[in-house]
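The values are calculated or read from the model by the stated rules, or taken from the named source; none is laboratory data. All of these numbers come straight from a predicted model, not from anything done at the bench. Don't worry about glycine lacking a Cβ; one is built from the backbone with ideal geometry, like all the others, and counts go over all protein chains shown. Accessible surface areas use protein heavy atoms only, side chains included; no ligands, DNA or RNA. Shrake-Rupley method; radii C 1.70, N 1.55, O 1.52, S 1.80 Å.
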Amino acid sequence: MKKTALDALLAKYEANGGWLAEANVKYGGYLFQYSGSHFGYVWRMTEKYEWGDPDTEHEYGWNSFEDFLNDTMTEVGMTFREVLAALPAEAVYGLE
């Protein structure tokens, strides 16, 4: 079975003893950045703002890593777990 971005993220999380400092993925025209301590941001990508239109910034916050995975990314109507599972492992970058 081919590894997914979710597999890569979980492997790094476990290897870091239950901590993840940063991870980035692009999905459905959006850039998502997990910023550690259970915070994240989503920006809409456009030709002008390939790395995310600052006017579309949406901040997310969670109480736990599990809450993050089970939360719905409202921009695409899927949980972060579903988004990550839909992408290949190499789609997640900046993984620290």
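Some notes on this structure:
- Those residues of the range 81-96 which are at positive phi and either in a helix (DSSP H, G or I) or in contact with a Cys (Cβ under 9 Å, 6 or more places away or on another chain) (or both), in sequence order: none
- The range 22-43, residues that are open to solvent by 50 Å² or more (accessible area, probe 1.4 Å) and of a type in the set (A, V, I, L, M, F, W, C): 39
- Taking every residue in the range 6-32 that is among the basic types (Lys, Arg) and pairing it with any residue that is assigned to a helix (DSSP H, G or I), at least 6 positions away or on another chain, the pairs with Cβ-Cβ distances below 8 Å are 26/91.
- If you go through the range 33-80 and keep only what is part of a loop (DSSP other than H, G, I, E, B) and either of a type in the set (Asp, Glu) or in contact with a helix residue (DSSP H, G or I) (Cβ under 7 Å, 6 or more places away or on another chain) (or both), you end up with 38, 47, 50, 53, 57, 62, 71, 75, 76.
- Scanning the range 78-96 for residues that are free of Cβ contacts under 8 Å to residues at least 60 places away in the same chain and among the hydroxyl-bearing types (Ser, Thr, Tyr) yields a single hit, 79.
- For the range 66-77, filtered to residues that are in contact (Cβ under 8 Å) with a residue 12 or more places away in the chain and surrounded by fewer than 17 Cβ atoms within 10 Å (Cβ to Cβ), the residue that is farthest from residue 35 (Cα to Cα) is 74.
- All conditions but one from (1) at pLDDT below 95; (2) surrounded by 15 or more Cβ atoms within 10 Å (Cβ to Cβ) apply to residue 48; the one that does not is (2).
- For the range 2-13, the criterion of being of a type outside the set (Lys, Arg), in a loop (DSSP other than H, G, I, E, B) and open to solvent by 50 Å² or more (accessible area, probe 1.4 Å) is met by no residue.
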